[in-house]
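First up is the structure itself, then whatever we jot down about it.
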Ligand code: NAD
Ligand code: IPM
Ligand code: MN
């Protein structure tokens with residue numbers, strides 16, 4: 001049997017810096033665990049625009065459709081801010097999500113004990129937090145039509161459309177209920193059913209799907225209250241399911257519960273392929289961090305933990321995913337800190353590569 005295939009799209013800014021640490025970890029799994037991957041690399045975002053004049057070349061899109069999993073770093077940066085909307089780096093990522101039909105975006109927010117003091121919230125509010133946001137990723141206001149900037153009555157008008165079909169809601173709801181069944185059997189659905197028809201439909205469909213999951217305790221919350229509750233008492237949640245835009249915002253909010261945006265991984269999953277694996281792309285929740293790019297300071301943990309999610313969701317090796325997550329946890333418990341995790345303690349931060357060194361040493365120690 002051939003090795004599982006990975007396509008690495010490191011992208012822009014700190015993307016290549018954090019992804020370099022993941023490449024070392026992939027090699028570690030080949031050398032030390034006999035888990036060899038066929039790895040290819042390509043361009044996305046600004047890097048692809050610079051070479052091809054498009055943020056995602058058709059050949060790269062075709063490769064992404066064929067591999068077992070895509071690993072993505074980050075896209076975007078000030079250099080590309082004035083580009084036409086159609087070729088902005090972010091469009092490359094959105095095209096991958098849409099054409100691979102990656103409708104379920106899993107964004108876990110776990111607060112490692114060693115980082116409980118790094119959150120902007122009190123230790124007791126976040127310590128032990130372990131929640132999962134399931135964000136719908138291929139529809140809603142990110143993709144709805146009509147969209148654009150038009151002229152009406154001699155002034156410009158910007159339009160985006162929030163649009164959800166019931167099948168789009170149903171499939172992401174099922175993904176969230178399935179996850180809830182494997183966790184604490186508690187699901188909170190967030191929308192704005194008080195002001196948006198799409199939210200009314202969302203609530204109805206999620207409630208209908210819940211009939212197939214009688215063991216899951218379902219609750220509904222308006223997304224604005226949800227944002228407040230995430231900050232007030234985040235441990236009340238286990239799995240949260242929400243739409244594309246609310247999920248984007250709520251997951252950045254959840255990031256601060258864990259100490260740093262540099263800690264949050266994600267998995268974007270679609271329907272199963274012929275080999276039974278889901279179509280999948282793994283990426284950190286953070287962006288290209290232009291303010292620190294090129295300085296060797298970025299925290300690679302979110303990207304490393306995204307690879308752990310690949311081990312779990314694409315390669316059915318939950319034990320190896322656990323091993324990698326425990327390695328990151330141990331490194332943090334040992335006090336190894338990149339600069340983003342230094343606000344309170346002071347001391348000398350380690351570089352991106354040194355954080356990679358420490359994780360690999362912890363992996364070695366786990367054998
Ligand atoms: P950002 O996530 O890039 O950065 C926000 C803040 O968090 C910055 O201060 C940054 O230094 C810090 N940060 C982020 N990741 C970090 C890490 N791993 N280690 C240490 N610090 C980290 O968000 P932004 O500044 O709003 O966006 C910058 C660019 O990235 C934009 O072009 C945006 O569109 C893009 N973006 C891309 C993705 C993606 O590729 N998935 C996600 C979000 C933003
Ligand atoms: C994210 C990012 C993206 C989004 C951008 C870069 C397209 O913010 O993955 O959270 O808005 O979905
Ligand atoms: Mn975002």
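Any read-out appearing in this document is the output of simple, stated calculations on the displayed coordinates, not a laboratory observation. This is a predicted model, so every value here is computed, not measured. Methodologically, a virtual Cβ is constructed for each residue, glycine included, from the backbone with ideal geometry; neighbour enumeration extends over all protein chains shown.
With no solvent and one point on each alpha carbon, what is the Debye value of log10 I(q)/I(0) for the chain at q = 0.13 Å⁻¹? Treating every Cα as an identical point scatterer, log10 I(q)/I(0) equals -1.08.
When the alpha carbon coordinates of region 211-367 are projected onto the principal axes, the ranges are 52, 41, 28 Å, largest first. Computed extension gain for residue 152 through residue 81, at 0.36 nm per residue and net of the alpha carbon distance, reaches 23.0 nm.
On the basis of the beta-carbon distance and an R0 of 25 Å, residue 196 and residue 174 show a calculated FRET efficiency of 0.70. The Rg/Rh ratio for region 1-93, using Cα coordinates for both the radius of gyration and the Kirkwood hydrodynamic radius, is 1.04. What the Cβ-Cβ distance of residue 27 and residue 161 gives, at R0 = 51 Å and to the nearest 0.05, is a FRET efficiency of 0.70. Full extension of the segment from residue 361 to residue 220, taken as 0.36 nm per residue of separation minus the current Cα-Cα distance, would add 46.4 nm.
Choose one answer from 230, 305, 106: the residue with the largest mean-square fluctuation in a GNM of the chain with alpha-carbon springs under 10 Å. Looking only at 230, 305, 106, the biggest GNM fluctuation is shown by 230.
For the chain, DSSP calls about 45 percent of its internal beta bridges antiparallel.
For region 119-258, give me the percentage of DSSP beta bridges that are antiparallel, rounded to the nearest 5 percent.
Values: 6 of 20 bridges.
Antiparallel bridges: around 30 percent, rounded to the nearest 5.
Taking only the alpha carbons of region 119-258, we obtain Rg and Dmax values of 16.4, 56 Å in that order. Using a Gaussian network model of the chain in which every pair of alpha carbons under 10 angstrom is joined by a spring, one finds that among 125, 18, 241 the greatest mean-square fluctuation is at 125. Given a Förster radius of 25 Å and the C-beta distance between residue 351 and residue 326 as r, what FRET efficiency does 1/(1 + (r/R0)^6) yield to the nearest 0.05? Once rounded, the FRET efficiency stands at 0.65.
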